[in-house]
Amino acid sequence: MFLNVRQGGSRREYWIRRESLNHWIAARDAELARYMPRPEAIRELGLKNATIVRVAAAGAMRYVEGPERNFPTGCFFFLREDVVRIKHSFEKNAVALKEYARPGELIALRHAMKNYLGCDSGLAAVIRAVVDGSLVPAGYANRFRGITGYLFVSKDLRKYRPPHTGYLAG
């Protein structure tokens, strides 16, 4: 029973059958199991807090905000299947561990994000390209965590640079 007391002393009561509540909780928990909370997705992919949300919003993976599915409020949840697919797509190429200090012919995804891809549409495009197999890492540097440590040929990643949206004052 839920009770709502209003000003002036009036009240409303709402009754829910225990069986109905248990069914709703089981359905919600089954749906929640399909999703990964943001901290877990961050650990799996090695992206930062805001970056993972921006990449998802740019279409690289499906996500929901808590209240959309009756999950905890104030939280983002990422479709587990998408996070695992992304991680596996980077790992499946079995690239060699390489010494890496700074960008040159090869560039770490982490540096490419800072230098020209950004943390949303450009990075999302690279992730989609790796998932669909049209872009393959050339190595891995364990200097960075998760997918950000994968090395790519610099000229290949520049193709995914988002268009400049600024304007020139005249």
Give me, ordered by chain and number, the residues 5 or more places off residue 36 or on other chains with an amide H under 5 Å from its own placed amide H. 78, 79, 80
Rounded D (µm²/s) - the range 62-141, Kirkwood Rh over Cα pairs, Stokes-Einstein at 25 °C, 0.890 mPa s: 169 µm²/s
Once both labels are modelled 7 Å past Cα along the beta-carbon direction, what's the residue 6-residue 19 spacing in nm? 3.3 nm
Using θ = phi - 60° and Karplus 6.51 cos²θ - 1.76 cosθ + 1.60, couplings along the range 41-48 (whole Hz; Gly, Pro as x): 5, 4, 5, 5, 9, x, 8, 7
Please give the FRET efficiency for residue 105 paired with residue 31, using the beta carbon to beta carbon distance and R0 = 30 Å, rounded to the nearest 0.05. 0.05
Relative contact order (%) - the range 14-170, alpha-carbon pairs under 8 angstrom, separation at least six: 24 percent
Just tell me which lysines come within less than 21 Å, Cα to Cα, of residue 159; anything on the same chain fewer than 8 places away is out. 114
On full extension of the chain, what length is gained from residue 136 through residue 95, given 0.36 nm per residue of separation minus the C-alpha to C-alpha distance? 13.8 nm
Rounded to whole Hz and in sequence order, give me ³J(HN,Hα) for the range 19-36 from the Karplus expression 6.51 cos²θ - 1.76 cosθ + 1.60, θ = phi - 60°, writing x for Gly and Pro. 4, 5, 5, 4, 5, 4, 5, 5, 5, 5, 5, 5, 5, 4, 5, 6, 10, 10
Given the convex hull of the Cα atoms of the range 1-151, what is a quarter of its surface area in nm²? 12.3 nm²
Using a probe radius of 1.4 Å on heavy atoms only, what accessible surface per residue do you get for the chain? Whole Å² is fine. 63 Å²
Debye, to nearest 20: dipole size of the range 49-89, +1 on Lys, Arg Cβ, -1 on Asp, Glu Cβ: 140 debye
Loop sites in the range 71-145: trypsin sites (Lys or Arg not before Pro), DSSP, at most 16 other Cβ within 10 Å: 92, 98, 143, 145
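Share of the chain's accessible area from carbon and sulfur, percent, 1.4 Å? Kindly include the intermediate steps, with their values, before the conclusion.
Details: 5470 of 10740 Å².
Exposed carbon and sulfur together represent 51 percent of the surface.
The values are calculated or read from the model by the stated rules, or taken from the named source; none is laboratory data. Predicted model only: the values in this text are computed from it and were never measured. Because the Cβ atoms are built from the backbone with ideal geometry, glycine has one as well, and the counts that use them run over all protein chains shown. Areas reflect the complete protein model, heavy atoms only, side chains present, ligands, DNA and RNA absent. Shrake-Rupley method; radii C 1.70, N 1.55, O 1.52, S 1.80 Å.
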